[in-house]
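What follows is calculated from the coordinates using simple rules that are stated; it is not laboratory data. Keep in mind that what you see is a predicted model, and the values were worked out from it rather than measured. Note that each Cβ is placed from the backbone with ideal geometry, even for glycine, and that neighbours are counted across all protein chains shown.
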Amino acid sequence: MARSVWVWGILFVKFVTCKAQVAPLYPDIPATYSFNIPLVTPAYIPLEGKYILGSIYKFKLKESNLAIFDVNAAIVFDGKSQNKQLIRLNFSNEKEGPYISTSRASANYAYKLALTNDLNMTAGISLGFVNRIYMTPSSSNQGSFFLPDGNIGLTINYRELKIGSAVMQFPNSKETPSQSTQQAKRFYHMYGMYKHDISPDWSLKEYLLVRVLPEVTTQLIGGFNIIFQDLYEAGFVYYQRRGITFQLVYGLPSEKYPLALSMAYNSSIFTQSPLWVDSFELGLMLRINKQDGNVTIGND
């Protein structure tokens with residue numbers, strides 16, 4: 001009897017079909033998305049700048065096999081009546097342990113339509129692929145597969161207020177390698193951001209991100225940063241079921257400063273998910289303006 005149960009158990013494990021989602025929370029670095037907005041929507045064109053480079057790196061000190069790197073480079077084309085177009089290339093890689101890594105690459109196009117001097121609308125789309133590589137301690141069991149990927153977004157900008165939404169992984173693509181269904185399931189972002197002055201030297205920025213995820217409870221991410229002389233920024237973000245993130249930024253959108261740097265610490269306060277507890281996020285952004293044949297350097 002015991003042997004029969006054992007045999008049936010082996011057969012069940014061997015032939016059962018498992019389902020898994022490729023990076024269901026991608027990008028898993030949204031707590032500081034206000035510093036690098038292309039992480040949550042392809043419908044983003046900075047207010048100033050001809051060439052823009054942004055990157056962010058997230059890592060956990062005690063586990064070197066958990067890390068995420070994202071870099072994007074863009075060029076902006078000015079049009080008539082304050083209209084703009086943007087082309088952006090994006091690449092990211094996520095290590096999910098010693099045996100699994102997921103890479104993504106995409107091309108992003110966005111268009112800004114100026115409705116009035118203070119009101120404009122930006123729409124964008126990105127298309128690319130996701131590549132997952134997985135292996136086991138035994139070199140004989142490893143694999144790699146590609147899935148088509150893409151995002152669509154729309155943002156309304158009124159002065160310092162931004163409101164928008166995005167459909168992430170809209171192709172909803174899937175593949176079944178080795179009896180395990182891998183799927184880049186569609187999910188949704190809804191976001192808002194508002195910056196306002198509270199004195200000649202001080203201003204405040206609030207932002208909110210709602211992530212509607214498949215088979216996972218909807219997530220709420222919100223925070224605020226206080227800004228001094230448009231140069232120093234500090235604040236915190238509440239990431240639902242993930243804890244509190246503390247952020248520092250040096251260098252804000254101004255032609256005076258060539259570089260913007262961001263550092264964030266994801267603490268264990270209020271956390272219910274220990275995966276990324278006590279981790280750090282480092283961000284960098286560079287903007288180059290080109291006017292009348294001269295190149296000036298700034299950041300956004």
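Extent along the principal axes, Cα only, for segment 183-246: 49, 20, 16 Å, with the longest axis given first.
Taking Cα atoms of segment 73-224, Rg/Rh with Kirkwood Rh, to two decimals? Rg divided by Rh gives 1.07. As a calculated quantity, the FRET efficiency between THR176 and PHE224 at R0 = 45 Å, using C-beta atoms, amounts to about 0.50.
Note on LYS95: aspartates and glutamates with a C-alpha under 14 Å away, same-chain residues under 8 apart excluded, are ASP28, GLU63, ASP70.
Treating only the Cα positions of segment 143-185 as identical point scatterers, give the base-10 log of I(q)/I(0) from the Debye formula at each q in 0.26 Å⁻¹. Result of the Debye calculation: -0.88.
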